[in-house]
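Worksheet: one structure, shown below.
The values are calculated or read from the model by the stated rules, or taken from the named source; none is laboratory data. This structure is a prediction, so every number in the text was calculated from the model and none was measured. Here the Cβ positions follow ideal geometry from the backbone for every residue, glycine too, while neighbour counts run over all protein chains shown. Just the protein is used for accessible areas: all its heavy atoms, side chains included, with ligands, DNA and RNA removed. Shrake-Rupley method; radii C 1.70, N 1.55, O 1.52, S 1.80 Å.
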Amino acid sequence: MLLTDSIKKASLAILGLGVSSGLYAASEKSQSPNVIFILADDLGIGDLGCYGQKTIKTPSIDKMAQNGMKFTQHYSGSTVSAPSRCVLLTGKHTGHSYVRGNRGRKAEDGRIYDLNLKAEEVTIGEVLKTKGYTTACIGKWGMGSPNGEGHPNKQGFDYFFGYLGQLNAHTYFPVQLFENKDVIKLDKKVYSHDMIMDKALRFIDDNSKKPFFLYLTPTIPHAELIVPDNEYMGYEGKFEEKPFKGTKTYCPQDKPRTTFAAMVSRLDRDVQRIIDKLKEKGILDNTIVIFTSDNGTHHEGGHDPNYFDSNSIYRGGKRDLYEGGIRTPFIVYWNGTIEKGSTTDHQSTFWDFMPTMCELTGAKLPEGTDGISYLPTLLGKKGQKKHEYLYYEFHELGGRRAVIKDNWKLIQFNVNNPEKTHFELYNIKSDPEEKHDLASDNEKRINKLKKIMEESHVESEFWKFEFEKKK
């Protein structure tokens with residue numbers, strides 16, 4: 001499918017729900033605002049100084065928060081990578097999204113790639129192209145194979161560089177990466193993160209005179225834990241280490257704590273490089289920079305999230321539907337437009353990005369999306385709508401579901417085993433650490449939330465709970 005076909009696909013699938021003259025009109029600026037969405041990989045909300053981290057230094061991201069807006073109740077699309085990214089790009093929660101889990105398949109080249117995002121799905125890349133944006137995904141994709149319908153070039157992205165498949169992204173010294181559909185041989189000699197950032201800076205250089213959308217998806221700090229040339233960013237000797245012996249998936253690491261801290265600070269350094277490049281090109285004031293993470297902190301490759309309080313006060317991490325698995329950092333910096341040093345407790349999610357960008361640019365909103373624009377919050381305007389509820393489903397670990405409504409959160413465990421399934425209920429306003437399960441005293445409330453669970457889920461061809469398989 002040619003890129004012009006992607007634009008046609010978006011146009012055919014879109015309803016007339018866009019805002020052509022809303023809270024922010026592109027005509028107020030010399031051109032539509034550029035958008036850079038930086039999606040870290042497995043970074044915990046507690047790994048950043050602006051969210052309470054005391055040991056790992058993140059001055060550049062902290063400065064983004066000081067000069068922009070910090071969200072304190074922002075939720076990822078899922079608790080693992082591929083579905084979270086699908087939710088972000090298509091604006092549908094995991095009860096409706098095409099991709100609802102990590103699932104690898106062997107492609108023609110013999111390598112493992114993820115399930116291809118269906119051609120009929122409309123991504124934010126396709127939507128923004130209808131408004132004249134040049135688009136790029138640089139980093140990790142995780143929703144398609146080299147010749148599949150889910151390849152980013154077929155999903156609204158003019159340019160792609162990085163890892164197509166998630167499994168291949170478990171090493172920072174890969175055999176190869178992709179530039180669009182071309183294989184770039186590296187033979188395990190290049191630290192991929194540095195090359196990804198160089199490509200991102202080049203993209204900004206090449207497109208600074210026209211509106212662009214850069215979906216920047218570095219793999220830091222996902223395992224494996226490794227940095228090039230012992231570049232420990234000043235952390236060497238500062239921590240008592242517990243050496244990691246390695247697995248078939250991840251390399252051994254004698255200094256996992258030092259290395260993890262160095263990786264996070266390396267990412268922070270490179271966020272500053274992006275900001276500096278925008279200043280250099282004279283487009284900082286007309287560029288929105290968003291920073292977040294695809295899910296909660298991981299505990300793989302030797303990383304000990306408890307040592308750094310990577311999940312802050314929150315319970316759980318990656319693969320959990322507790323807050324630590326889905327509540328993520330979210331910072332928006334738009335120099336001269338967003339109030340400096342502002343903080344919001346507005347409850348927002350990855351599936352809100354699509355409607356926010358549509359309202360911002362005047363694009364039409366695709367049919368069947370689930371999100372709510374948070375543009376009024378960004379601009380300090382009245383009229384911010386709120387979610388009636390948030391819904392999650394997860395198809396690993398026996399199947400899990402969760403609903404958040406009016407500060408109450410219901411989690412179902414072992415969905416696939418009726419004999420073992422059970423529910424936990426928390427008030428995440430009074431008990432954000434989810435220490436006190438109130439399920440035994442709230443049968444009526446639980447029944448209401450269970451009904452939302454059932455109504456929020458539509459059957460999927462690839463991700464079925466056991467009760468669906470028996471139909």
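Worth pointing out:
- Every residue from the range 283-298 that is in a loop (DSSP other than H, G, I, E, B), over 18 Å from Ile338 (Cα atoms) and either at pLDDT below 95 or not charged (D, E, K, R) (or both): Asn295, Gly296, Thr297, His298
- Residue that is open to solvent by less than 80 Å² (accessible area, probe 1.4 Å) and under 25 Å from Arg85 (Cα atoms), where the choices are Tyr426, Tyr392: Tyr392
- In the set Phe260, Phe203, Phe244, only one residue is crowded, with 17+ Cβ neighbours inside 10 Å and over 22 Å from Thr297 (Cβ atoms); that residue is Phe203.
- Tally of residues being open to solvent by less than 40 Å² (accessible area, probe 1.4 Å), closer than 16 Å to Lys140 by Cβ and not in a loop (DSSP other than H, G, I, E, B) across the range 151-164: 6
- Test: residue in the range 29-50 that is part of a strand (DSSP E or B), among the basic types (Lys, Arg) and surrounded by fewer than 21 Cβ atoms within 10 Å (Cβ to Cβ): no
- In the range 370-419, the residues that are over 20 Å from Lys435 (Cβ atoms) and of a type in the set (Gly, Ala, Ser): Gly371, Ser373, Gly380, Gly383, Gly398, Gly399
- Strands (runs of 3 or more DSSP E) completely within the range 165-272 that count 2 or more residues being under 17 Å from Leu43 (Cβ atoms) and touching a strand residue (DSSP E or B) at 6+ places or on another chain (Cβ under 6 Å): 212-217
- When residues of the range 395-406 are limited to those that are out of contact with any helix residue (DSSP H, G or I) (no Cβ under 7 Å at 6 or more places or on another chain) and under 27 Å from Thr344 (Cβ atoms), the one most open to solvent (accessible area, probe 1.4 Å): Asp406
- Failed item in (1) within 27 Å of Ile274 (Cα to Cα); (2) surrounded by 21 or more Cβ atoms within 10 Å (Cβ to Cβ); (3) touching a Lys or Arg at 6+ places or on another chain (Cβ under 6 Å), with Thr343 passing the rest: (2)
- Filter result (open to solvent by 10 Å² or more (accessible area, probe 1.4 Å) and more than 18 Å from Ala119 (Cα to Cα)) within the range 68-92: Met69, Lys70, Thr72, Gln73
- Cβ separations smaller than 6 Å between residues 6+ apart or across chains give the following pairs from the range 182-195 residues that are under 19 Å from Val264 (Cα atoms) to residues that are surrounded by 12 or more Cβ atoms within 10 Å (Cβ to Cβ): Tyr191/Tyr172; Tyr191/Pro228; Ser192/Tyr172; Ser192/Pro174; His193/Pro218; His193/Ile220.
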